[in-house]
1. So, in segment 77-112, exactly how many residues are over 23 Å from residue 149 (Cβ atoms) and among the hydrophobic types (A, V, I, L, M, F, W, C)?
2. Quick check on my filter: what residues within segment 44-68 are farther than 19 Å from residue 174 by Cβ, of a type in the set (A, V, I, L, M, F, W, C) and either crowded, with 16+ Cβ neighbours inside 10 Å or modelled with pLDDT under 95 (or both)?
3. How do the pairs read when you match residues in segment 1-22 that are farther than 17 Å from residue 33 by Cβ with residues anywhere that are among the charged types (D, E, K, R) and outside any loop (DSSP other than H, G, I, E, B), using Cβ under 6 Å and keeping only pairs 6 or more apart or on different chains?
4. For residue 94, work out the one condition from (1) of a type outside the set (D, E, K, R); (2) assigned to a loop (DSSP other than H, G, I, E, B); (3) over 15 Å from the mean Cα position of the chain (by Cα); (4) under 20 Å from residue 137 (Cα atoms) it doesn't fulfil.
5. What is the one condition in (1) at pLDDT 95 or above; (2) more than 17 Å from residue 130 (Cβ to Cβ) that residue 106 does not satisfy?
6. Can you name every residue in segment 73-87 that is over 22 Å from residue 164 (Cβ atoms) and either crowded, with 22+ Cβ neighbours inside 10 Å or in contact with a Leu (Cβ under 7 Å, 6 or more places away or on another chain) (or both)?
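The values are calculated or read from the model by the stated rules, or taken from the named source; none is laboratory data. Not measured: the values here are computed from a predicted model. Virtual Cβ from ideal backbone geometry, glycine too; neighbours counted across all protein chains shown.
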Amino acid sequence: MIVKETKLKGCFVLEPIIFQDNRGYFFESFNQNTFNKLIEQDINFIQDNESFSTKGALRGLHYQRGEHAQAKLVRVIKGCVLDIAVDIRKDSPTFGKHVSLELSEENKMQLFIPRGFAHGFIVLSDTAIFSYKCDNFYNKESEGGIIYNDKDLNIDWVLQEDEFIVSEKDMLLKPLSQTQL
């Protein structure tokens, strides 16, 4: 596995080593020991989640606060998404900055998003199956979010806004400058 740190400290792109032959392919999608060694942290994932979405579905930008904050390792099993991670660590030199990465069933890349980040994605293919590991359990009282079209974040979601499918709950989110972190 090849691991590269993004411009946001602690946020990593993981590229698997894929073995292909006439039968298909094989790759190790996760190995706890290898992962922790490569990112030089001790992360213990305790929950796996999966979502199915159609083209234009925009999920995010979400995070968990305080003791319920979550680190995530995300990937796409089927389809293609534009994945976004936003640094919301107030003491970080990259506070309010984001990275975007296309994750797909073809490139099989993963993104590690540390605690203290907001996360979201938009589906670029007709459908997508999205998988993520979390290092902490979800806690409804600790959830937070940032509106996807925050002008200060200036995220390019690639698709036209009239193609977006956004939940009512996510439409009510505020910009980062008005968000309780």
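1. 3
2. At the first step, the residues of segment 44-68 found to be farther than 19 Å from residue 174 by Cβ are 44-57, 67-68.
Filter once more, so that each one left must be of a type in the set (A, V, I, L, M, F, W, C): 45-46, 52, 57.
Correct list: 45, 57.
3. Final answer for the pair search is 8/87; 13/4.
4. With (1) of a type outside the set (D, E, K, R); (2) assigned to a loop (DSSP other than H, G, I, E, B); (3) over 15 Å from the mean Cα position of the chain (by Cα); (4) under 20 Å from residue 137 (Cα atoms) applied to residue 94, the lone miss is (4).
5. Just one mismatch for residue 106, condition (2).
6. Going through segment 73-87, the residues over 22 Å from residue 164 (Cβ atoms) turn out to be 73, 75, 77, 87.
Result: 73, 75, 87.
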